[in-house]
Amino acid sequence: MSRTLILTRHAKSSWDHPGLDDHARPLNKRGRKSAKAIGAWLAEKGWEPDQVLSSSSTRTRETWERMGLDAPKVSFTHDLYHASAAQMLRLLSEAKGATVLMLGHNPGIADFAEEIVAEAPPHPRFFGYPTCATTVVRFDIDDWRDVTRGSGEVLDFIIPRELLE
């Protein structure tokens, strides 16, 4: 059996309110367009999650909402707010879905993506993981607890700019 992980960094957030708490920052106009484009791309490719694990921040919640996808199980947790790669792996190990989408923040999501794949995609932006960057990774495992460093195969990687230009 195999499992598929979709790793998405939140879309571009707004800095229009400098005094606003970081956790409460919403998306800006570009971010809203990017999230919609990434959601449409995932749906077109047939990579729709049956479980979502997301940071509880406003920008990750809004990214998920703007993606326009449905999932039977969606969880927003503070544990993914600026989570490290190790924290992300721990949370993923508890997942039950066959296709899990994780929505998070840099630098943790970039580090996690880099650590879990056997070979990085030949994309110049993979290691920087810009806003709304999305990696689709397949694992030949039966249970998410079996994910180990370097065990994933990258199926695709994209940034919103490639969809919006």
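Laboratory data are not the source of any read-out in this text; all were calculated from the coordinates shown. Quantities reported herein were computed from a predicted structural model and do not represent experimental measurements. As a convention, Cβ positions derive from the backbone with ideal geometry for all residues, glycine included, and neighbour counts pool all protein chains shown.
What's the angle, to the nearest 10 degrees (0 to 90), between helix 29-45's Cα axis and the longest principal axis of the chain? The angle comes out near 30 degrees.
Of all beta bridges that DSSP places with both ends in the chain, some 45 percent have antiparallel geometry. Which is the longest part of the chain that has none of the trypsin sites (Lys or Arg not before Pro) sitting in a DSSP loop with at most 13 other Cβ atoms within 10 Å? Free of exposed loop sites, the longest segment is 1-95. Residue separation of GLU48 and ILE141 scaled by 0.36 nm, minus their Cα-Cα distance, works out to 31.6 nm of gained length.
Placing R0 at 30 angstrom, the Cβ-Cβ distance between MET1 and HIS82 gives a FRET efficiency of 0.40 after rounding to 0.05. In the chain, with Lys and Arg counted as +1 and Asp and Glu as -1 at Cβ, which of these residues, ALA118, SER57, GLY152, has the Cα nearest the positive end of the dipole, that is, farthest along it? Of ALA118, SER57, GLY152, it is SER57. Taken about its Cα centre, the chain carries a charge dipole of roughly 620 debye when the Cβ of each Lys and Arg holds +1 and the Cβ of each Asp and Glu holds -1.
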